[in-house]
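This report refers to the structure that appears directly beneath it.
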């Protein structure tokens, strides 16, 4: 059993205590699969994980007191303007956070927040998730690096706006596209009504732009 598959099993087991329904568990698993990078060869990292805010929307407990619900909403709102990266350096890497650079393509290098510069909501959040992230990445909490980076202004408060994230460390790089495919709706070919996988923008057979599945179905 490979490391990525074991990690997915660990995550699903961990989340089962407070996930309500198969759809939520499936989405959380898909977001993990899409966001987790496990280098196959020699690397400075055992794993690097881009964690979108939608993952926390799915996994945060719902049975909260009113005050806790307000904290949850405030924290998720703040996370929407950030990029969260979790990484486990290899033992021999002599890891330095200063050498880890994150860029959004077309916007340059993003500034990272120091823990002490974060407000109380985000400090509590990072402390809360560290053991769970470490469990998914099969490591000790003190071995996991959590980096929170500020999105460029052009992407803040723009949940529908896509961007490409690149993490660079020395001569290595890891890339992701936001939003993940798991969050996209399937498209429908207006010619033959064929439903195509999320992420496709054009029909590979007819060459035309796909319609959102909801609008296509509504017109039937």
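The values are calculated or read from the model by the stated rules, or taken from the named source; none is laboratory data. If you're wondering where the values come from, they're calculated on a predicted model, not measured in any experiment. Quick reminder, even Gly has a Cβ in these numbers, built from the backbone with ideal geometry, and neighbours come from all protein chains shown.
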Tally time: how many residues in the stretch 165-178 are surrounded by fewer than 19 Cβ atoms within 10 Å (Cβ to Cβ) and within 11 Å of the chain's Cα centre (by Cα)?
-> 1
What's the number of the condition residue 103 fails, among (1) in a strand (DSSP E or B); (2) farther than 21 Å from residue 178 by Cα; (3) under 17 Å from the mean Cα position of the chain (by Cα)?
-> (2)
Do we find that residue 124 is within 18 Å of residue 165 (Cα to Cα) and either free of Cβ contacts under 8 Å to residues at least 60 places away in the same chain or under 20 Å from the mean Cα position of the chain (by Cα) (or both) in this structure?
-> no
Would you check which residues across the stretch 78-90 are over 18 Å from residue 112 (Cβ atoms) and either part of a strand (DSSP E or B) or in contact with a helix residue (DSSP H, G or I) (Cβ under 9 Å, 6 or more places away or on another chain) (or both) and list them?
-> none
For the stretch 32-54 the number of residues that are touching a strand residue (DSSP E or B) at 6+ places or on another chain (Cβ under 9 Å) and within 15 Å of residue 136 (Cβ to Cβ) is 14
Out of the stretch 54-72, which residues are under 17 Å from residue 118 (Cα atoms) and either crowded, with 18+ Cβ neighbours inside 10 Å or at pLDDT 95 or above (or both)?
-> 72
Give the residue that is modelled with the lowest pLDDT, with candidates limited to residues of the stretch 91-120 that are touching a helix residue (DSSP H, G or I) at 6+ places or on another chain (Cβ under 8 Å) and crowded, with 18+ Cβ neighbours inside 10 Å.
-> 112
